[in-house]
1. Only one residue in Ser66, Ser122 is away from ligand 1 (no atom under 15 Å from the Cβ), out of contact with any Asp or Glu (no Cβ under 8 Å at 6 or more places or on another chain), free of Cβ contacts under 8 Å to residues at least 60 places away in the same chain and not in a strand (DSSP E or B), so which one is that?
2. Residues Asn166, Asn188: which one is surrounded by 12 or more Cβ atoms within 10 Å (Cβ to Cβ), in contact with a Lys or Arg (Cβ under 6 Å, 6 or more places away or on another chain), polar (S, T, N, Q) and in contact (Cβ under 8 Å) with a residue 40 or more places away in the chain?
3. Just the residues that are more than 16 Å from ligand 2 (Cβ to nearest atom), closer than 20 Å to Asp113 by Cβ and surrounded by fewer than 16 Cβ atoms within 10 Å (Cβ to Cβ), please, taken from region 204-232.
4. Go through (1) closer than 17 Å to Phe317 by Cα; (2) within 16 Å of ligand 2 (Cβ to nearest atom); (3) in contact (Cβ under 8 Å) with a residue 60 or more places away in the chain; (4) not hydrophobic (A, V, I, L, M, F, W, C) and name the single condition Asp54 misses.
5. Quick test of your reading of the structure: Phe235 fulfils all but one of (1) of a type outside the set (Asp, Glu); (2) within 16 Å of ligand 2 (Cβ to nearest atom); (3) part of a loop (DSSP other than H, G, I, E, B). Name the failing condition by number.
6. Among Ala96, Ala88, Ala100, Ala108, which is within 18 Å of Asp169 (Cα to Cα), assigned to a loop (DSSP other than H, G, I, E, B) and not β-branched (Val, Ile, Thr)?
7. Scan region 43-63 for residues that are more than 19 Å from Ala97 (Cα to Cα) and outside any helix (DSSP H, G or I) and jot them down.
8. Can you find a residue in region 33-44 that is within 13 Å of ligand 1 (Cβ to nearest atom) and either buried (at least 20 other Cβ atoms within 10 Å of the Cβ) or of a type in the set (Gly, Ala, Ser) (or both)?
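The values are calculated or read from the model by the stated rules, or taken from the named source; none is laboratory data. For clarity, every value in this text was computed on a predicted model and none was experimentally measured. Counting neighbours? That spans all protein chains shown, and the Cβs are built from the backbone with ideal geometry, glycine included.
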Amino acid sequence: MTKMDILPILYLVVPCYNEESVLRETSKRLLEKFSTLVKLSQINANSKVLLVDDGSSDKTWEIIESLHQSNSLFCGLKLSRNCGHQKALLSGLHKAAEFADLIASMDADLQDDINALDEMVSRAREGYEVVYGVRNDRSSDSFLKRFTAQSFYRFQSSLGVDAVYNHADYRLMSKRAVLALSQFREVNLFLRGLVPLVGFKSCCVYYSRGKRFAGESKYTLGKMLSFAFEGITSFSTKPIRIITLTGLIISLFSLFALVYLLIGHFIGDVQVGWTSIIMSIWCLGGLQLLALGVIGEYVGKTYMETKRRPRYFIEEFLSDKGDKDA
Ligand code: UDP
Ligand code: MG
């Protein structure tokens, strides 16, 4: 931020998918937090909480509407259908960048510590354009979630994807950083991998992650795995290189084996090698299928990207500025 004598307008984007059980509590706490920040002269009184309804099938949108009516702090954005966490978040960031100086994002379930917002805002006011919220302990997550997440971060960084360790989507960005982010046009979205690519001055703020306040995680194991896959294949082509390398090593090995077998053949020492033949058929067959699968994954990604399909549609925008429009 350059004009720090004027208080920055903060927009907090909260994607919500079937969150009727947490929204009331979340909004209550956010209202308190925002009033305190305004009172402490940290943010402008025109700051807002932008609740994005990602095509929920429960009462989420009705709750957002009533929140908006009862307090002008809350605005709402309704997507035309369920587009997924990342796209819902992106739609909110884009919308918020129209009005805000600072744009933060947070999950609806109160797992991210709201109190970290104070430090995030003051960091941003010091001139940091991207402030990452990093959880410093995962004791509230289930063993499976902790294990899969941690192995994933390690695997990802070993493949050269530049992501911030233990950072999810709790962060604060300047308008300039969000506008830069919106220049990435990809459909296969993995925002926490994209934000570091934007660059600018950044820092981390640490907090401990709590339990989901109510309701269930919207990320099933299947969704989590496919998200993890996205996080690798959208940023790194190393898996393809590993396959090429494996293929090369196996080809070299079989060349030596061929020489060895030919020598055996001419010496007359021929074995009935049923087991070894069957073994190599299965091993190589498996490897080839795996290789085809990984390559196919990248071809599929290219296919999706070349279509350049729009990533989301806005059905309704509730705000005292934009009024109700499509
Ligand atoms: N979410 C969303 N669209 C989806 C799935 C999830 O907007 O299709 C939102 C959800 O409402 C929540 C956030 O994304 O605010 C993170 O989801 P969740 O808490 O279920 O994930 P977890 O914390 O278990 O990884
Ligand atoms: Mg959660």
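1. Testing whether each residue is away from ligand 1 (no atom under 15 Å from the Cβ), out of contact with any Asp or Glu (no Cβ under 8 Å at 6 or more places or on another chain), free of Cβ contacts under 8 Å to residues at least 60 places away in the same chain and not in a strand (DSSP E or B) leaves just Ser66.
2. Working: Asn166 fails: in contact (Cβ under 8 Å) with a residue 40 or more places away in the chain.
Criteria check complete, one pass: Asn188.
3. If the condition is that a residue be more than 16 Å from ligand 2 (Cβ to nearest atom), closer than 20 Å to Asp113 by Cβ and surrounded by fewer than 16 Cβ atoms within 10 Å (Cβ to Cβ), then Tyr206 is the only one that fits.
4. Checking Asp54 against (1) closer than 17 Å to Phe317 by Cα; (2) within 16 Å of ligand 2 (Cβ to nearest atom); (3) in contact (Cβ under 8 Å) with a residue 60 or more places away in the chain; (4) not hydrophobic (A, V, I, L, M, F, W, C), the one that fails is (3).
5. Tallying (1) of a type outside the set (Asp, Glu); (2) within 16 Å of ligand 2 (Cβ to nearest atom); (3) part of a loop (DSSP other than H, G, I, E, B), Phe235 fails exactly one: (2).
6. Working: Ala96 fails: assigned to a loop (DSSP other than H, G, I, E, B); Ala88 fails: assigned to a loop (DSSP other than H, G, I, E, B); Ala100 fails: within 18 Å of Asp169 (Cα to Cα).
Being within 18 Å of Asp169 (Cα to Cα), assigned to a loop (DSSP other than H, G, I, E, B) and not β-branched (Val, Ile, Thr) holds for just one of Ala96, Ala88, Ala100, Ala108, which is Ala108.
7. Within region 43-63, Gly55, Ser56, Ser57, Asp58, Lys59 meet the criteria.
8. So the first thing to find is which residues in region 33-44 are within 13 Å of ligand 1 (Cβ to nearest atom), and the list is none.
No; the residues of region 33-44 include none that is within 13 Å of ligand 1 (Cβ to nearest atom) and either buried (at least 20 other Cβ atoms within 10 Å of the Cβ) or of a type in the set (Gly, Ala, Ser) (or both).
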